[in-house]
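Okay, so here's the structure we're looking at.
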Amino acid sequence: MEPKNIILPQDRMPRQWYNILSDIKLNPPLGPGGNPIKPEDLAPVFPMNLIEQEVSSQRWIDIPEPVLDVLRIWRPTPLTRASRFEKALGTPARIYFKNESVSPPGSHKPNTAVPQAYYNKVFGIERITTETGAGQWGSALAFACAQFGLQCKVFMVRVSFDQKPYRKAMMQTWGGVCIASPSTETKAGRDALARDPNTPGSLGIAISEAVEAAVSDPSGKTRYSLGSVLNHVMLHQTIIGLETRKQFELIGGYPDVVIACAGGGSNFAGLAFPYILDKMNGKKIEIYPVEPAACPTMTRAPFVYDHGDTAGYTPLLPMHSLGHTFVPPPIHAGGLRYHGMSPAVSQLIDEGLLLPRSVGQLASYQAGVLFARTEGIIPAPETCNALACVVEEAIKAREEGKEKTIVVTFSGHGLLDLGAYDRFLSGELTDVGMSETQLAEALCAVKDYPRPAHLKSR
Amino acid sequence: MNDFPDDLERRCPRLGSPVRFGYCRLLAADGRVCPKILDCWWERFDVAALMRRSLSEEDFASLAEGRPPNKVASLIDLIRQARDRHRR
């Protein structure tokens, strides 16, 4: 009988990360003058060893032993058969979830916080700053800094600081300093407080404070850390998918479908990128990044070069975009405004290696509640998006009578997001779709934009 | 008289915690309208029509057309701003 949890022995933990930049061709990000952004532009905020990873084209990058030593606190994470979820769905599909909620902070975030802290340490950095909203990233970085004897300063948006004292307590327990932003520690914070002493703060101010605290340290021993979007963050997360592949080997299986939610990109990249390599090498596998239906960037927008802002100061980037000149029709404004997706993911979609999916928020929470009632763990709201896609695939398998194997990243638990469940359970949430006419109007905004080359990596 | 539904509350996807509409309208982006206000509130009421009525044509166009910039480009701009503040 197959065990519920497939446990990878610690001595079989992956010892290298997979760098997808070695296997895909990317149109380069362009600066305001049309020139590519240079690595040294980032040196004031990141140590050079991390910048080297950011731009590396080496396929396999060794995981340093001190990093492995910390990751072993909770890794390898279990690959669990969601048999009770399957039964509730009445599906012949075999559903597995890679449980990243078992990390000390409760999500996949420390997979990159730990190596980032390590590389800062060996570069001679003594202090790391960051910003946090709800505190998930801040607590992951505080935990990681504690492992390497680094000071960690987290600027937490005042409104969240007041609402989520337990996140602040987590950071402090791990030795981090959590400061409500705006603070009096930076010029950006003081300016904001001068404008309004009672301001609840914003992520914009918190990021400005964290970056200022790093670049203005006269000792040069402070750097800044970011928990999503960048290439080195995705690289570190690939340990999720690399472990998953080994766990399937233990039971002689292999997934037909890989699913993960795609927000900042790191959670999706973590599970999917190693399987994309398999797909490039001929494996028959479907890989679905899942986004909320309210933000259909990947599923319905064309692949174009576009600016990140209306004034055109930010670089022209290859991305799936509905364009920045479009004024959305009122009811569907939300569905048309979040245009950008990470260049690497956009490239993979353009090559047909990924098939993006979107799910409505009601379906997401329904899937999350069903999962909690069958498998027991309450998923984070973002995790619910991926689970909703799993439900769709499971039902499709039932209708087709196919015994396919599905694997999904369980990116985090939702125990600190119960307010969102409360809104769903009290019937406050609704779904609204988007018409083809409205989409066509949106696409007119980018019809004359330059098109990136449709590169083929293989 | 304030005809904005400032007390309506929802989960902020950026902060991960509940905020009131009044925060999104005035405070989330340093005293300006949060750039994601249309994304977040469109399912609750006609927020775009409300914003179109309350903002200047130019400000509404900026809100409707804007989107989050590329992260690396944002960081480089934040470094420049921080250095400028520090020099002053």
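Residues are listed down the side, and each one gets a yes or a no for (1) assigned by TED's automatic domain parsing to the domain that holds A:Glu403; (2) closer than 26 Å to A:Val407 by Cα; (3) part of a strand (DSSP E or B); (4) in contact (Cβ under 8 Å) with a residue 12 or more places away in the chain:
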{"residue": "A:Glu40", "(1), (2), (3), (4)": "yes, no, no, no"}
{"residue": "A:Gln58", "(1), (2), (3), (4)": "yes, no, no, yes"}
{"residue": "A:Asp69", "(1), (2), (3), (4)": "yes, no, no, no"}
{"residue": "A:Thr91", "(1), (2), (3), (4)": "yes, yes, no, yes"}
{"residue": "A:Ile95", "(1), (2), (3), (4)": "yes, yes, yes, yes"}
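Looking across the stretch A:110-135 at every residue that is closer than 23 Å to A:Tyr166 by Cβ and either surrounded by fewer than 24 Cβ atoms within 10 Å (Cβ to Cβ) or of a type in the set (Gly, Ala, Ser) (or both), the one that is farthest from the other protein chains (Cβ to nearest Cβ) is identified as A:Ala117. Scanning the stretch A:334-365 for residues that are modelled with pLDDT of 85 or more, over 30 Å from A:Gly282 (Cβ atoms) and out of contact with any helix residue (DSSP H, G or I) (no Cβ under 7 Å at 6 or more places or on another chain) gives a single hit, A:Leu362. Looking at the stretch A:155-267, the helices (runs of 4 or more DSSP H) lying wholly inside it that each contain 2 or more residues that are of a type in the set (S, T, N, Q), at pLDDT below 95 and within 22 Å of A:Phe143 (Cβ to Cβ) sit at A:158-163. With respect to (1) under 20 Å from the mean Cα position of the chain (by Cα); (2) in a helix (DSSP H, G or I), the lone exception for A:Val408 is condition (2). Confirm whether A:Glu249 is facing chain B (nearest Cβ under 10 Å), among the acidic types (Asp, Glu) and either more than 23 Å from A:Ala380 (Cβ to Cβ) or buried (at least 21 other Cβ atoms within 10 Å of the Cβ) (or both). For A:Glu249, the condition - facing chain B (nearest Cβ under 10 Å), among the acidic types (Asp, Glu) and either more than 23 Å from A:Ala380 (Cβ to Cβ) or buried (at least 21 other Cβ atoms within 10 Å of the Cβ) (or both) - is not met.
Determine whether A:Ala134 is assigned to a helix (DSSP H, G or I) and of a type in the set (Gly, Ala, Ser). Break it down stepwise before answering.
Details: assigned to a helix (DSSP H, G or I): no; of a type in the set (Gly, Ala, Ser): yes.
It is false that A:Ala134 is assigned to a helix (DSSP H, G or I) and of a type in the set (Gly, Ala, Ser).
Pairs linking a residue in the stretch A:144-172 that is within 14 Å of another protein chain (Cβ to nearest Cβ) to a residue that is basic (Lys, Arg), with Cβ atoms under 7 Å and 6 or more positions apart or on different chains, are A:Met156/A:Lys168; A:Phe161/A:Lys168. Note on the stretch A:190-234: residues that are more than 7 Å from chain B (Cβ to nearest Cβ) and either within 24 Å of the chain's Cα centre (by Cα) or surrounded by 24 or more Cβ atoms within 10 Å (Cβ to Cβ) (or both) amount to 16.
The values are calculated or read from the model by the stated rules, or taken from the named source; none is laboratory data. Keep in mind the model is a prediction, meaning the values are calculated, not measured. Here Cβ is always computed from backbone atoms with ideal geometry, including for glycine, and neighbour counts include all displayed protein chains.
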